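The values are calculated or read from the model by the stated rules, or taken from the named source; none is laboratory data. Model, not experiment: these values are computed from the prediction. FYI the Cβ positions are ideal-geometry reconstructions off the backbone, even for glycines, and counts take in every protein chain you see.
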Amino acid sequence: MSNLIYEAVNWNKPTSDLAQVFWDQQWKQIWFPEEIAVSKDVKQWQNFEQQETYKKVFAGLTLLDTVQTNIGMNQIATHTTDLQEKAVLTVFGSFEAIHAKSYSYIFTTLCTNSEIDELFEWVKKNEFLQYKANKISDIYNRIEEGNSESLWKAMYASVMLESFLFYSGFFYPLYLGGQGILRNSAEVISLILRDESIHGVAVGFFAQNLFKQFSQETQDELKVWGYELLLDLYQNEMSYTDDVYAETGLSPEVKAYIRFNANKALMNVGFDAMFPEEEVNPIVMNGIRNEGSTYDFFSQKGSSYAKAKVAPITDDTFQFNR
Ligand SMILES: [Fe+2]
Ligand SMILES: [Fe+2]
């Protein structure tokens with residue numbers, strides 16, 4: 001039997017700058033897909049021409065949320081030493097499980113069983129989808145005990161997944177929902193997006209705290225590694241978009257949205273944006289109207305508010321859906 005000293009999580013005093021804030025905000029946002037009346041979309045769905053694209057977009061998102069539940073948040077929580085941050089990451093993991101399950105709720109409402117089976121087979125066969133799942137999961141699985149650079153890399157990869165890679169998928173329901181098409185399914189997506197915004201900011205913030213502790217040389221190396229990873233994922237994302245959106249003619253607009261979110265992901269980890277500013281489809285930028293999805297959770301004044309303000313995150317970081 002081992003003879004280690006186990007420490008109990010003590011929330012009576014803060015050990016982490018913002019763990020309590022992220023915790024509170026995530027729980028305040030709790031939701032379940034069954035609360036949204038996706039069945040109201042059934043009628044529109046029957047006449048909707050781009051069903052294949054829509055289904056694939058959601059199936060792709062299911063895979064990312066599955067990876068994030070089973071590998072991402074688990075691995076990062078396991079290797080994070082601060083017990084309050086560990087707890088926050090574990091809670092985030094539970095929300096990932098809700099996200100992954102919510103697509104099934106949409107499928108079961110709109111699709112037949114054989115369509116659903118085909119779709120989950122497609123996930124296993126789509127090379128671009130498998131490429132990103134592999135790329136990110138490898139980094140998650142390579143965290144070494146006591147090696148904070150490998151933990152930082154996993155956090156960086158997590159922010160890439162949540163603040164960047166999800167958006168090739170989010171585009172379509174937001175684009176349609178904003179025009180009153182399949183609006184209830186889009187509502188589910190906007191709730192997922194609201195969670196991902198916190199996750200991207202929180203994990204990015206934890207990553208920035210780790211990064212500060214590295215030597216200049218290590219920081220430079222990690223920066224090169226980080227931009228290379230982003231570019232690699234970006235190339236793949238372009239091909240994925242061409243593949244999935246082929247029938248819709250929307251690829252160029254999806255790609256602009258992807259670049260916009262890649263910049264946001266970089267800012268979440270404290271890096272400079274790399275793509276030039278460009279116009280993103282205003283329907284998607286506005287999202288669907290959803291009370292509570294555009295609020296700023298740091299508008300609740302307090303000591304944590306001040307701390308967040310000195311952190312290198314931008315003013316619109318918490319403007320969800322924008
Ligand atoms: Fe998620
Ligand atoms: Fe997430």
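Can you name the residue in the range 104-125 that is of a type outside the set (A, V, I, L, M, F, W, C) and surrounded by 13 or more Cβ atoms within 10 Å (Cβ to Cβ) and, of all such residues, is nearest to GLU34 (Cα to Cα)?
TYR105
From the list LYS255, LYS223, pick out the single residue that is modelled with pLDDT of 95 or more, under 20 Å from the mean Cα position of the chain (by Cα) and not in a loop (DSSP other than H, G, I, E, B).
None of the others qualify; the one that does is LYS255.
For the range 9-26, how many residues meet the condition of being part of a loop (DSSP other than H, G, I, E, B) and of a type in the set (A, V, I, L, M)?
Within the range 9-26, residues that are part of a loop (DSSP other than H, G, I, E, B) and of a type in the set (A, V, I, L, M) number 2.
Can you work out which of the residues in the range 258-271 that are of a type in the set (Gly, Ala, Ser) and under 13 Å from the mean Cα position of the chain (by Cα) is surrounded by the fewest Cβ atoms within 10 Å (Cβ to Cβ)?
Filtering the range 258-271 for residues that are of a type in the set (Gly, Ala, Ser) and under 13 Å from the mean Cα position of the chain (by Cα), the one surrounded by the fewest Cβ atoms within 10 Å (Cβ to Cβ) comes out as ALA262.
Output the qualifying pairs, or none if there are none: Cβ atoms under 9 angstrom, residues six or more apart or on different chains, first residue in the range 161-182 and at positive phi, second residue modelled with pLDDT of 95 or more and of a type in the set (A, V, I, L, M, F, W, C).
The qualifying pairs are LEU182/VAL38; LEU182/TRP45; LEU182/PHE48; LEU182/LEU110; LEU182/LEU176.
Given the conditions (1) of a type outside the set (Phe, Trp, Tyr); (2) touching an Asp or Glu at 6+ places or on another chain (Cβ under 7 Å); (3) within 15 Å of ligand 2 (Cβ to nearest atom), which single one is not true for LEU182?
Result: LEU182 passes all but (3).
Go through the range 88-100 and count every residue that is surrounded by fewer than 17 Cβ atoms within 10 Å (Cβ to Cβ) and not β-branched (Val, Ile, Thr).
2
Can you give me the ranges of the helices (runs of 4 or more DSSP H) entirely in the range 75-143 with at least 3 residues that are more than 13 Å from ligand 2 (Cβ to nearest atom) and free of Cβ contacts under 8 Å to residues at least 24 places away in the same chain?
113-125, 127-141
When only residues in the range 161-211 that are over 10 Å from the mean Cα position of the chain (by Cα) and not in a helix (DSSP H, G or I) count, which is surrounded by the fewest Cβ atoms within 10 Å (Cβ to Cβ)?
Filtering the range 161-211 for residues that are over 10 Å from the mean Cα position of the chain (by Cα) and not in a helix (DSSP H, G or I), the one surrounded by the fewest Cβ atoms within 10 Å (Cβ to Cβ) comes out as GLY180.
Taking the stated definitions as given, is LYS55 at pLDDT 95 or above and either charged (D, E, K, R) or within 16 Å of ligand 2 (Cβ to nearest atom) (or both)?
yes
Could you say which residue among PHE170, PHE164 is within 16 Å of ligand 2 (Cβ to nearest atom), within 15 Å of THR62 (Cβ to Cβ) and among the aromatic types (Phe, Trp, Tyr)?
From the options PHE170, PHE164, the qualifying one is PHE170.
If GLY146 satisfies every condition in (1) of a type in the set (Gly, Ala, Ser); (2) at pLDDT below 95; (3) within 16 Å of ligand 1 (Cβ to nearest atom) but one, which is the exception?
Every condition holds for GLY146 apart from (3).
Here is a list: LYS153, LYS135, LYS86, LYS101. Which entry is of a type in the set (Lys, Arg), modelled with pLDDT of 95 or more and within 16 Å of ligand 1 (Cβ to nearest atom)?
The match here is LYS101.
Has the range 60-74 got at least one residue that is away from ligand 1 (no atom under 14 Å from the Cβ) and touching a residue at least 24 places away in the same chain (Cβ under 8 Å)?
No: the range 60-74 contains no residue that is away from ligand 1 (no atom under 14 Å from the Cβ) and touching a residue at least 24 places away in the same chain (Cβ under 8 Å).
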